[in-house]
Amino acid sequence: MTLPPRWVITAIWRLHRALVRAGRGRWGLARPTAGGRFGMLRLRTTGRHSGLERAVVLGYVEDGDDLVTLAMNGWSAPDPAWWLNLRSMPDAEVDLPAAVRRVRAREAHGAERERLWELVRGYDGYGRDLDAMAALRGRETAVVVLEPRD
């Protein structure tokens, strides 16, 4: 399985983030459709070194009230900066198509991770073969649970 060149992946990410920012969340965010495509949210974290707000657009699925995403970095080996930020400071906010939600992040382990991995596998968007794409990283991809907080 091959990926497009890194510059193509980065350009697509930047364009998508700019679309969401320009539309103030009205464009580029979506809810997941059961048996269809995953949703798109904007995650706002606090930079672990700078203390500044950082934002990234991510694919997600719903598990009850929780939002579930994968900590991948375009399927390359390093963990994405947003996941490093959340591991340092797990409280964050997500922008959804019609709401802003305060969340606390945690990594799923064991049977919960396996169950959520299967849930994610049921949605289009991460690639036709999620396991083959994840194998490109060379190590286990964290399954991140964003739980509502108040």
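Read the figures in this text as sums done on the coordinates, not as results from a lab. From a predicted model like this one, the values you see are computed outputs, not experimental measurements. Note: ideal-geometry Cβ built from the backbone for every residue, glycine included; neighbour counts use all protein chains shown.
Quick look at the values:
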{"item": "Residue order, fewest to most surrounding Cβ atoms within 10 angstrom, among Y123, Y60", "result": "Y123, Y60"}
{"item": "Separation between Cα centres of the range 114-148 and the range 46-71, rounded to whole Å", "result": "15 Å"}
{"item": "Likely footprinting exposure, T46, T141, T69, T33, fewest C-beta neighbours within 10 Å first", "result": "T33, T46, T141, T69"}
{"item": "Simple spin-label estimate for A135 and A30 in nanometres, 7 Å along Cα-Cβ", "result": "2.9 nm"}
{"item": "Rh (Kirkwood; distinct C-alpha pairs) - the range 55-119, Å", "result": "12.9 Å"}
{"item": "Ranking of D79, D129 by count of other Cβ atoms within 10 Å, fewest first", "result": "D129, D79"}
{"item": "Gain in span if fully extended, R37 to D65, counting 0.36 nm per residue against the direct Cα distance", "result": "8.3 nm"}
{"item": "Computed FRET value (nearest 0.05) for R128 with S76, which takes r as the C-beta separation and R₀ as 25 Å", "result": "0.85"}
